[in-house]
Amino acid sequence: MTISRRNILLGATASAALLPMPLRAQTSDVVIGVIYPLSGASAQIGVDAQKAFDTAGEIINKNFDFDLPLARGEGLPGLNGGKIRLVFADHQADPQKGRAEAERLITQEKVCAVIGTYQSAVAVTVSQICERYQVPFLSADNSSPSLHRRGLKFYFRASPHDEMYSKAMFDFFDAMRKKGVKIDTLSLFHEDTIFGTDSGNAQTKLANERGYKVVSDIKYRANSPSLSAEVQQLKAANADVLMPSSYTTDGILLVKTMGELGYKPPAIVAQDAGFSEKALYDAVGDKLEGVISRGTFSLDLAAKRPMVGKINDMFKQKSGKDLNDYSSRQFMALIIMADAINRAKSTDGEKIREALASTDLGGEQTIMPWKRVKFDEMGQNNDADPVLLQYVGSKFVTIFPAQAAVAEAVWPMK
């Protein structure tokens with residue numbers, strides 16, 4: 001190369017270096033991992049969850065006139081309009097599979113945050129992996145109280161846990177007693193994973209504190225092929241209220257076995273889980289008129305907050321069903337996580353963690369009947385107010401607390 005040509009090339013390079021950079025930095029996707037059971041007995045939960053997260057992602061990435069964080073405008077303004085991209089993983093309801101999938105999402109898919117998981121037992125292992133890699137984990141719908149008490153820095157939960165839910169149940173019992181309803185004895189029925197165990201412990205503690213007698217406390221093996229012996233014990237105990245903590249397949253088996261053995265409790269007050277799922281009511285709904293379940297969400301709220309109905313319509317177009325206690329919490333989990341990432345103006349795990357820790361979102365900016373979303377030092381939102389819902393005429397109506405109720409409780413069950 002001649003000296004003159006070399007000088008020309010150097011000059012061109014130097015001139016290019018002096019050119020001004022574009023005013024707008026290049027945008028890139030904000031990748032969030034979502035881990036749910038997408039195969040096996042709980043697969044429908046995962047399928048519905050996908051639709052809930054897709055609905056929230058659409059609202060964030062496009063422009064909607066909703067009073068939700070990031071609904072107005074497209075993408076995340078704190079990251080130059082970057083769009084949310086979800087990567088789904090299947091934990092198959094197996095805690096060890098969940099552990100492996102969480103690690104894959106973080107190390108291979110390069111997600112900046114993880115949301116999950118339906119089963120609390122899977123949340124234990126997934127959150128441990130997230131903690132190791134310092135990636136924020138938002139527990140969308142896990143209700144075991146022990147999850148937020150393990151000293152993890154990167155664990156957050158916006159929705160209630162089972163001690164909060166159980167307290168609402170006993171507040172309801174107290175209120176019914178004041179009306180003259182006989183509620184003295186309880187039968188607890190719970191599966192043997194962390195969800196059922198923690199639920200049973202919370203209910204036992206509250207029963208002792210409030211003066212209710214637990215006449216049977218049955219822990220059964222999750223996904224048991226038969227519940228005949230357990231239902232015979234429940235029938236013999238003949239409590240005023242049956243309080244099951246069971247996932248969908250176990251819940252269906254319980255109700256079918258009760259029918260076969262002629263056990264009809266005066267009331268069933270369930271710890272959500274399977275008793276909030278359409279699949280259970282499709283299978284045995286004719287035997288559950290008047291069943292009560294704790295919850296976090298009710299479509300009744302649409303009367304006061306019209307956007308709830310509009311968002312439900314969006315979800316229903318994707319899924320063919322209404323939002324329920326699980327899908328509503330999943331929807332809000334992505335909104336809350338995206339809001340934190342936007343405020344962090346970064347996909348760095350520590351910065352997102354700091355933004356989550358400083359979250360203070362008014363209840364009117366959610367689709368839930370909560371006071372607000374604000375995490376304590378353990379990552380738990382203590383302002384997520386539970387409700388009790390009763391299955392009447394093939395739909396759920398809110399019956400408690402009084403300020404949220406749209407109907408009086410029917411007692412006993414029909």
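The values are calculated or read from the model by the stated rules, or taken from the named source; none is laboratory data. Since the structure is predicted, the reported quantities are computational estimates derived from the model, not experimental observations. As a convention, Cβ positions derive from the backbone with ideal geometry for all residues, glycine included, and neighbour counts pool all protein chains shown. These area figures cover heavy atoms from the full protein model, side chains too; ligands, DNA and RNA do not enter into them. Shrake-Rupley method; radii C 1.70, N 1.55, O 1.52, S 1.80 Å.
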Would you call Leu242 more than 21 Å from Gln390 (Cβ to Cβ) and either free of Cβ contacts under 8 Å to residues at least 40 places away in the same chain or buried (at least 17 other Cβ atoms within 10 Å of the Cβ) (or both)?
no
Hey, Gln365 open to solvent by 30 Å² or more (accessible area, probe 1.4 Å), touching a residue at least 40 places away in the same chain (Cβ under 8 Å), polar (S, T, N, Q) and out of contact with any Gly (no Cβ under 6 Å at 6 or more places or on another chain) or not:
yes
Selection from the range 44-82 of residues that are part of a helix (DSSP H, G or I) and either among the basic types (Lys, Arg) or modelled with pLDDT under 95 (or both)
Gln44, Ile45, Lys51
Members of the range 169-185 found to be part of a helix (DSSP H, G or I), touching a strand residue (DSSP E or B) at 6+ places or on another chain (Cβ under 8 Å) and open to solvent by less than 10 Å² (accessible area, probe 1.4 Å), listed by number:
Met169, Phe172, Phe173
Kindly indicate whether any position in the range 200-209 is in contact with a Gly (Cβ under 8 Å, 6 or more places away or on another chain) and under 24 Å from Pro369 (Cα atoms).
no
Given Asp198, Asp250, which one is of a type in the set (D, E, K, R), crowded, with 16+ Cβ neighbours inside 10 Å and in contact with a helix residue (DSSP H, G or I) (Cβ under 6 Å, 6 or more places away or on another chain)?
Asp198
Residue within the range 84-92 that is open to solvent by 50 Å² or more (accessible area, probe 1.4 Å) and free of Cβ contacts under 8 Å to residues at least 40 places away in the same chain present:
no
For the structure I just gave you, tell me whether Glu230 is farther than 12 Å from Leu188 by Cα, among the acidic types (Asp, Glu) and at pLDDT 95 or above.
no
